[in-house]
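Peer 1: Quick one: this structure, given as structure tokens, is what I'll be asking you about.
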Amino acid sequence: METELNFESAFTRLEVILDRMNSGNIALDESLKLYEEADGLIARCATRLNSAEARIETLIKKRNGELVLNAEEKPLTESFQTT
Amino acid sequence: MAAPLQKLDDLKIRLDQKIQQSILKKKIPPFGQTKASLGFKAPHTAEAFARKTLPSFKKNMDQALSTLMKTKRQKLKEIVQHLKSLDPKNVLKRGYAILFALNEGSVIVTAQDLRDGQQVRALLSDGEANLTVNQPFIHHGN
């Protein structure tokens, strides 16, 4: 379930955590747990953003004819020829 | 009486045939001619329209995507900075430590929670250590 969290859901959860931690009415134990959770959510958000940006870049390059994709939508590569 | 009626029937049949023939002969003019006949002086084909508008559409779409990604990244950056300022571990840099009960993993806040000989884990600004509690006592009046 957690692995399916998209950017928006993760970000919304981060906002909730931030509000909770800002409230000033939070036990140290809970704040540590929330901070750890936030750490994971931040990493997830960053990964989602990076992958979205990479996808956009690939699409633009593909559209401009700078990139040829294989059946798996991955850039075609060629081995270096040793002569 | 029969002759005039027969003539009328023949006339009707011929008239129907003529109408059918004229419908079949009638040609539908090409789209361009229809547009021209309707007064379009410079008719644009769909292709020409697409050629003209597609590049700007692509550009606008790219810009919209770029703005969206920048906004999301900026929002994430702001929330990260905010959260960093609330990091409970910031206090450790000021000479404090956080004690955890070794088995439960819960934070020990009061001396009442400590038992003689208990193993605890201390979290410091740059690392951790296992400690053994020795003769805990409570400050009365606090």
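Peer 1: Mind checking region B:45-130 for trypsin sites (Lys or Arg not before Pro) that DSSP puts in a loop (not H, G, I, E or B) and that have at most 12 other Cβ atoms within 10 Å? List each step's numbers first, then the result.
Peer 2: Working: sites: B:ARG51, B:LYS52, B:LYS58, B:LYS59, B:LYS70, B:LYS72, B:ARG73, B:LYS75, B:LYS77, B:LYS84, B:LYS89, B:LYS93, B:ARG94, B:ARG115, B:ARG121; in loops: B:ARG115.
Within region B:45-130, the qualifying trypsin sites (Lys or Arg not before Pro) (loop, at most 12 other Cβ atoms within 10 Å) are B:ARG115.
Peer 1: Give me the log10 of I(q) over I(0) for region B:41-105 at q = 0.19 Å⁻¹, as the Debye formula computes it from C-alpha points; what are the numbers?
Peer 2: Each listed q corresponds, in turn, to -0.87.
Peer 1: Only sites in a loop by DSSP and with at most 16 other Cβ atoms within 10 Å count here; which chymotrypsin sites (Phe, Trp or Tyr not before Pro) in region B:60-142 make the cut?
Peer 2: B:TYR96, B:PHE137
Peer 1: Within chain A, which is the longest segment that contains none of the GluC sites (Glu not before Pro) sitting in a DSSP loop with at most 11 other Cβ atoms within 10 Å?
Peer 2: With GluC sites (Glu not before Pro) excluded where exposed in loops, chain A gives A:1-65 as its longest stretch.
Peer 1: I've got another one for you. Which net charge results for the neighbourhood of B:ASP113, defined as the other residues with beta-carbon distances under 14 angstrom from its beta-carbon, given Lys and Arg at +1 and Asp and Glu at -1?
Peer 2: -1
Peer 1: Using a 10 Å cut-off around each Cβ, can you sort A:LEU34, B:LEU11 from fewest to most neighbouring Cβ atoms?
Peer 2: Details: A:LEU34 20, B:LEU11 10.
Placing the least packed residue first, the sequence is B:LEU11, A:LEU34.
Read-outs throughout are calculated quantities, based only on the coordinates presented, and are distinct from any laboratory measurement. In this text, all values refer to a predicted model and were calculated from it rather than measured experimentally. Virtual Cβ from ideal backbone geometry, glycine too; neighbours counted across all protein chains shown.
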